[in-house]
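I have a structure I would like to understand better, so I am pasting it below and will then ask my questions one at a time.
The values are calculated or read from the model by the stated rules, or taken from the named source; none is laboratory data. Keep in mind that what you see is a predicted model, and the values were worked out from it rather than measured. Neighbour counts are summed over all protein chains in view; Cβ atoms, including those assigned to glycine, are modelled from backbone coordinates with ideal geometry.
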Amino acid sequence: MPTLCTQPSHLRPVPVSTFWFGACYYPEHWDEGTRREDAKRMRDAGMNVVRMAEFAAEVLEPAPGQFDFRLFDDVIEELARHGISTILGTPTAAPPRWFTLAHPDAVQVDARGVSLQHGSRQHVSQSHPEVRAYSQRVTRALAEHYAENPHVIGWQTDNEFNCHFSEDHSAAAQTHFQEFLAQKYAGDIHALNRAWGNTFWSLSYGDFSEIPTPREQAPTHANPSHQLDYARFLDWRITRFQREQVEILRAFQPKWFVFHNGCFSKIDYRGEFVRDLDFLGYDSYPFFSWDVRDRGAGHAFNLDRTRAWSGNFIIPEMQSGPGAQSSYFHDTPEPGEIRRMTYTALARGADSLLYFRWRTCRYGAEMYWCGILDHDNIPRRRYEEVARIGRELKKVGPEILGTSVQMDVAIALADYEAMEAHATLPYGVPGLSNSAETLHRWFHEQGYACGCAHPDDVLEGLSLFILPHWEVVNPAWIPNLKAFVERGGTLLIGARSGTRDRNNHVISETPPGVLAELAGVRVSEYSRKNIPDQRPWQLNWEGEHLVAEDWVEILAPDAGTEVLATWTSRHAAGTPAITRKAFGNGQVLYAASGLTASWIQTLGPRLCEQARLQPVLPGCPPGVEVVRRGDPGKTLWFFMNHNDGEVIFKDLPAGDRLVGPENDTLDPNDVMVISASTNKVPD
Ligand code: GAL
């Protein structure tokens, strides 16, 4: 039942009717006897799917045009005998050596002009015609061969586009960039010169063929409009590269689902890239947060950010042991931790999940990247834990499918253009994702049902929506924001918002430009605060005092706009710092400063009061992550204990306990899932 993701939304469930649970499997690393035993063990662990072949290019095509599918044919059959289906990956992230020998110029070139080379992965350029031809050829051969194989259920395109490297300044990329620009500006070079503001520093071009990709050694800063179009180009070219594969796969077998495993830079996961797919995958490795105190919040944020792009997702790779590459070695997950992380992923939008990886490989650059089984192939506690999850998912998996994650507060995210525009001129303030993470973390730790959403997504059901510091605000989103506020929502807008247009030029109107009517303020002066304690700008919100950290503004409120907080120092003294404008049944707050960690720490409680926001389960023990997923008929309550000690609940929602202990005590790392038939929180 695959359905194209033509309308990405944080509420969109993954269109699958089976909860897929399994592992990434690399049969090319193991002998036949081991492979037979693997299929049986996977079944015993409750698995029903594997993902394979994304790095097996040389096994599948040992010499140009000579395909050999025997290994995968056998493995797919053997797995199927044990009830396990297969997802295949198009093997284009690491083409064989014969390919780069034949086409030495088909590699990517970095911003310093250094060419990548064979010997690792992700070295070839998606702009090079031979790479695209190779990609189509191998995809076609695989699709044709497996089109009628009932055990192959879907495809992953490539593997983690841009996970190591996202820019490309090769000759092929230069030409491709020029082609993109000629299309975008309909062949009118003057339109490009105007859109880029090329009269500044005499940068005008006479023809599209003259335009280089923006490189570091320019020798100083490149034009931000040029950079923004380059970011748009990088997304465009990956989208086209992927589309060439997707079209082939769909032509051979329309029943297959097709997804990609993200999420990395220079791709718009809400744009055409994802609209060509059935859904998005997100590879989850929470142990990249070294500090255990950050790990839970960081994991939650990454999942929520993924959902903001296009909705629920699958996890094609979930951490199942410590990971290691040459420069790091993760701590090992403690007993119960894989299970707890898995339930966080399920709670926050995963509609299927595979672990990376079935067994730890004994060689290669990731020989210490530990999977479910160790190098010696002896099942130990990680296998037992995964098998326990497998048993539980028989019950929970079907309940999850079709439900959406419920939020009360969302922070704006998932707009490629706004994020990339900021990245062209960050002037030392946090990027859009960093700001969102800071705010998200506070709401998460205080037990609110928080997440992220695009400003043009469904905002119904939210009490509070925060648009932190988006310089570029597309005027097309304003009606949605207005409707949200008119219905009774609270919108909080942070400083610097709406100050640039989609060409990445500063607007001619007084800020916040297209947001001014909603905000009810005009910004008459602004400043970076480089050292907050020097000449401090102090703010007072009914007795809560705060020194602004990274940015300050002086506001002129419109008639009817209320002043909630005031600056009390320097030349801003007496002017508004936080304002409120009533709008329909709701309100718009504007904060004339950076919404930093100390800002939300100090003013968060007052903000929640203003927005009438309640924690998701008042009275819930601290350190327990609570998330609701639901559909019109039921709410699934997920509880994950992140504490080192046990917690005892007083008021749990009534309902069927699908997973968890019989009493109301959760041990460290333990989890509980309750299915309730209404949304009602216990009084
Ligand atoms: C992912 C990647 C896998 C493997 C894993 C562990 O990012 O898709 O192929 O490299 O990380 O490093």
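Restricting the search to the stretch 314-361, which residues are crowded, with 16+ Cβ neighbours inside 10 Å, without any contact (Cβ under 8 Å) to a residue 40 or more places away in the chain and farther than 22 Å from F279 by Cβ?
Passing the criteria: only T360.
Still on this structure, please answer the following. Working carefully through the options Y355, Y343, find the one that is within 16 Å of the ligand (Cβ to nearest atom) and among the aromatic types (F, W, Y).
That would be Y355, the only listed residue that is within 16 Å of the ligand (Cβ to nearest atom) and among the aromatic types (F, W, Y).
Would it be correct to say that G364 is within 16 Å of the ligand (Cβ to nearest atom), on the phi > 0 side of the Ramachandran plot and either surrounded by fewer than 24 Cβ atoms within 10 Å (Cβ to Cβ) or within 13 Å of the chain's Cα centre (by Cα) (or both)?
yes
Would you check which residues across the stretch 307-330 are within 11 Å of the ligand (Cβ to nearest atom), over 28 Å from V258 (Cβ atoms) and either among the aliphatic types (A, V, I, L, M) or part of a strand (DSSP E or B) (or both) and list them?
Of everything in the stretch 307-330, those that are within 11 Å of the ligand (Cβ to nearest atom), over 28 Å from V258 (Cβ atoms) and either among the aliphatic types (A, V, I, L, M) or part of a strand (DSSP E or B) (or both) turn out to be A324, Q325, Y328.
Applying the selection to the stretch 655-664, what residues are touching a residue at least 12 places away in the same chain (Cβ under 8 Å) and either surrounded by fewer than 13 Cβ atoms within 10 Å (Cβ to Cβ) or within 33 Å of the chain's Cα centre (by Cα) (or both)?
G655, D656, R657, L658, V659, G660
For R132, are the conditions met, namely being away from the ligand (no atom under 16 Å from the Cβ), farther than 30 Å from D501 by Cβ and buried (at least 16 other Cβ atoms within 10 Å of the Cβ)?
Yes, satisfied.
Right, R295: away from the ligand (no atom under 16 Å from the Cβ), free of Cβ contacts under 8 Å to residues at least 12 places away in the same chain and either of a type outside the set (G, A, S) or in the same structural domain as E420 (by TED's automatic domain parsing) (or both) or not?
When the stated conditions are applied, R295 passes them.
Hey, among the residues in the stretch 152-166 that are within 12 Å of the ligand (Cβ to nearest atom) and among the hydrophobic types (A, V, I, L, M, F, W, C), which one's surrounded by the fewest Cβ atoms within 10 Å (Cβ to Cβ)?
Across the stretch 152-166, the extreme among qualifying residues is C163.
Also, I was wondering about something else. Quick one: how many residues across the stretch 378-390 are touching a residue at least 24 places away in the same chain (Cβ under 8 Å) and either of a type in the set (V, I, T) or surrounded by 14 or more Cβ atoms within 10 Å (Cβ to Cβ) (or both)?
Residues in the stretch 378-390 being touching a residue at least 24 places away in the same chain (Cβ under 8 Å) and either of a type in the set (V, I, T) or surrounded by 14 or more Cβ atoms within 10 Å (Cβ to Cβ) (or both): 9 in total.
Filter the stretch 636-675 down to residues that are more than 14 Å from Y343 (Cβ to Cβ) and basic (K, R), then give me how many there are.
Qualifying residue count, the stretch 636-675: 1.
Follow-up question, since we're still on this one. So Q601 passes all but one of these: (1) without any contact (Cβ under 8 Å) to a residue 60 or more places away in the chain; (2) polar (S, T, N, Q); (3) assigned by TED's automatic domain parsing to the domain that holds G488. Which condition number does it fail?
All conditions are met except number (1).
Let me spell it out: the conditions are (1) buried (at least 23 other Cβ atoms within 10 Å of the Cβ); (2) not assigned by TED's automatic domain parsing to the domain that holds W358, and D38 meets all of them except one. Which number is the exception?
The single condition D38 does not satisfy is (2).
If you don't mind, there's one more thing I want to ask. Under 6 Å between Cβ atoms, at least 6 apart or on separate chains: pull out the pairs that start in the stretch 1-23 with a residue that is at pLDDT below 90 and assigned to a loop (DSSP other than H, G, I, E, B) and end on any residue that is surrounded by 15 or more Cβ atoms within 10 Å (Cβ to Cβ) and among the hydrophobic types (A, V, I, L, M, F, W, C).
Sorted first by the residue in the stretch 1-23, then by its partner, the pairs are P2/F257.
Need a quick list: helices (runs of 4 or more DSSP H) entirely within the stretch 71-190 having at least 2 residues that are outside the structural domain of E317 (by TED's automatic domain parsing) and more than 26 Å from the chain's Cα centre (by Cα).
In the stretch 71-190, 171-184 are the helices (runs of 4 or more DSSP H) which contain 2 or more residues that are outside the structural domain of E317 (by TED's automatic domain parsing) and more than 26 Å from the chain's Cα centre (by Cα).
Being crowded, with 23+ Cβ neighbours inside 10 Å, touching a helix residue (DSSP H, G or I) at 6+ places or on another chain (Cβ under 9 Å) and under 24 Å from G271 (Cα atoms): is that true of E460 here?
no
All but one of (1) of a type in the set (D, E); (2) within 25 Å of I674 (Cα to Cα); (3) assigned by TED's automatic domain parsing to the domain that holds S497 hold for D415; state the number of the condition that does not hold.
Every condition holds for D415 apart from (2).
Hey, could you check the stretch 24-63 for residues that are among the basic types (K, R) and assigned to a helix (DSSP H, G or I) and say which is nearest to T92 (Cα to Cα)?
So the residue we want is R35.
Starting from residues that are assigned to a loop (DSSP other than H, G, I, E, B) and in contact with a strand residue (DSSP E or B) (Cβ under 6 Å, 6 or more places away or on another chain), keep the ones in the stretch 270-292 and report whichever is nearest to L228 (Cα to Cα).
Looking at the filtered set, the residue picked out is L277.
Shifting gears a bit: Could you tell me whether Q117 is crowded, with 19+ Cβ neighbours inside 10 Å and under 24 Å from E366 (Cβ atoms)?
Judged against the criteria, Q117 is not a match.
If a residue must be of a type in the set (G, A, S) and without any contact (Cβ under 8 Å) to a residue 60 or more places away in the chain, how many such residues does the stretch 165-205 contain?
6
Could you tell me whether any residue of the stretch 439-461 is touching a His at 6+ places or on another chain (Cβ under 6 Å) and within 15 Å of P605 (Cα to Cα)?
There is at least one residue in the stretch 439-461 that is touching a His at 6+ places or on another chain (Cβ under 6 Å) and within 15 Å of P605 (Cα to Cα).
Which residue is nearest to Q136 (Cα to Cα), if the candidates are limited to the stretch 212-262 and must be within 16 Å of the ligand (Cβ to nearest atom) and part of a helix (DSSP H, G or I)?
Q242
Taking the condition of a type in the set (A, V, I, L, M, F, W, C), part of a helix (DSSP H, G or I) and either assigned by TED's automatic domain parsing to the domain that holds V588 or touching a Phe, Trp or Tyr at 6+ places or on another chain (Cβ under 7 Å) (or both), does V514 pass?
Spelling it out, V514 is indeed of a type in the set (A, V, I, L, M, F, W, C), part of a helix (DSSP H, G or I) and either assigned by TED's automatic domain parsing to the domain that holds V588 or touching a Phe, Trp or Tyr at 6+ places or on another chain (Cβ under 7 Å) (or both).
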